[in-house]
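Enquirer: So that we are looking at the same thing, I have put the structure below in structure tokens.
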Amino acid sequence: MTKPDPTPSIQRRPSDDDVLLTLRGVVKHYPIKHGIIFKTEIGRVRAVDGVELTVRRGETLGLVGETGCGKSTLARCITRLFPLTAGSIVFDGQDISRLSRRELRPYRRQVQMIFQDPYGSLNPRRRIGSIIGDPFAIHGVADGAERKRRVQELMELVGLNPEHYNRFPADFSGGQRQRIGVARALALRPKLIVCDEPVSALDVSIQAQIINLLEGLQDEFNLTYVFIAHDLSVVEHVSDRVAVMYLGKIVELADRDQLYGQPRHPYTNALLLAGSIADPDRARARRRIILTGDVPSPVDPPSGCRFHPRCPKAQQLCFDTEPQLQPEPGDPVEHATACHFPVAPGEDLTVLTPGIGSAVDQPTEG
């Protein structure tokens, strides 16, 4: 989307004016209660557990990780659809962590969200003209003929026929419905759009159209994106920087080229080696790191490093001490890794003897 900065990342430190969004120790826990009348808390789901992030103006920050790692919860915390358990969110210089619903109204105009499900995110009983026009009505920006004109302009901008203003969502395909969601998010010209897996429910050909649409809109309106996805190839295509999330925490954060070229966290290595390859010969010859077992429960996460039960490099230190997200010696200052024993340049994890809960998948014969 935005062009990579030619300045070496080791020299590039974002100034306060360059940063649009800052997350400081963001925590979101869901209480688990027992009882019907006198409910008592018996535990907590640690969906997001101390996330530190910054998002620069005009960039696309990709957020990847397995299902259940807390990506969507973090997205809803950023948009303040969920209240925080702890930590703070600073948007454009203002702490919006504890604002009331009324105080959040100006913030709502600046931050919008595109949801994963293009079917469930639209009310099937309302016409799309009303759906896209809701932001204008809620914030008192336009009404009557002026609102209709603006809505039809948005429809044309995202590739929809303005004459279909009075149709219902059921009259549109999945890709067209997602375009409706994009138009709704774009209505008030926000500074930040959180894209929560906006293409995962679409066919591959339609995915490319939506991604191209988002790229064009970013260039035209200088938008900033937080882009959440499972498909690492999509994230590589759209992102300027990438954050890898595991069990509620960020385990690696780097510029796109640095992370895909030299991943340092064992979990990031496993994700990249598990990605699909179009060439069947290369796919058969590739060695992959197979992480046996499921992601540990967020109700009772492992001590120390949360990845150690599945990590081929785990040692006693990983059991006892939680690693900090910080640059490793020799890495650019913006390439941060939360690992006691990061993957060295040229190191091949597939040749390690399977350790704690991990195994190696050998190449298959053609």
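All of the numbers you see were taken from the coordinates with simple rules; none came from a lab. For clarity, every value in this text was computed on a predicted model and none was experimentally measured. Please note: Cβ atoms are built from the backbone with ideal geometry, for glycine as well, and neighbour counts cover all protein chains shown.
Enquirer: Please arrange T40, T79 by counting, for each residue, the other beta carbons lying within 10 Å of its beta carbon, fewest first.
Expert: Values: T40 9, T79 20.
Lowest count first: T40, T79.
Enquirer: Divide by every residue of the chain the summed helix terms, -39500 (n - 2.57) for each DSSP H run of at least 4, and state the resulting mean residue ellipticity at 222 nm, rounded to the nearest 500 deg cm²/dmol. List each step's numbers first, then the result.
Expert: On the way: 11 runs with 102 residues, N = 366.
-8000 deg cm²/dmol, from helical runs alone.
Enquirer: Counting other C-beta atoms within 10 Å, which of R256, R24 has the fewest, and how do the rest follow? Spell out each step's value before the answer.
Expert: Values: R256 19, R24 16.
The most exposed by this proxy come first: R24, R256.
Enquirer: Provide, for the chain, the number of lysine pairs with alpha carbons under 20 Å apart, each pair being eight or more places apart or on different chains.
Expert: Numbers: K3/K191; K28/K71; K28/K249; K71/K249; K249/K313.
For the chain, qualifying lysine pairs total 5.
Enquirer: Then there's this: Which of the DSSP-defined H helices in the chain satisfy a minimum axial length of 15 Å, computed from C-alpha atoms, and a minimum mean Kyte-Doolittle hydropathy of -0.5?
Expert: Details: long enough: 128-138 (16 Å, 1.45); 144-157 (20 Å, -1.16); 174-186 (18 Å, -0.43); 204-221 (26 Å, 0.44).
Long hydrophobic helices here: 128-138, 174-186, 204-221.
Enquirer: Related question: Using Cβ contacts closer than 10 Å as the measure, can you line up H340, H308 from fewest to most?
Expert: Least to most surrounded, the residues fall as H340, H308.
Enquirer: Test of understanding: in a Gaussian network model of the chain with alpha carbons linked when under 10 Å, which of A145, A170, A208 would top the mean-square fluctuation ranking?
Expert: Result for the chain, Cα springs under 10 Å: A145 fluctuates most.
Enquirer: Nearest 5 percent is fine: what portion of the DSSP beta bridges confined to the chain is antiparallel? Working shown, then result.
Expert: Working: 34 of 51 bridges.
Here the share of antiparallel DSSP bridges comes out near 65 percent.
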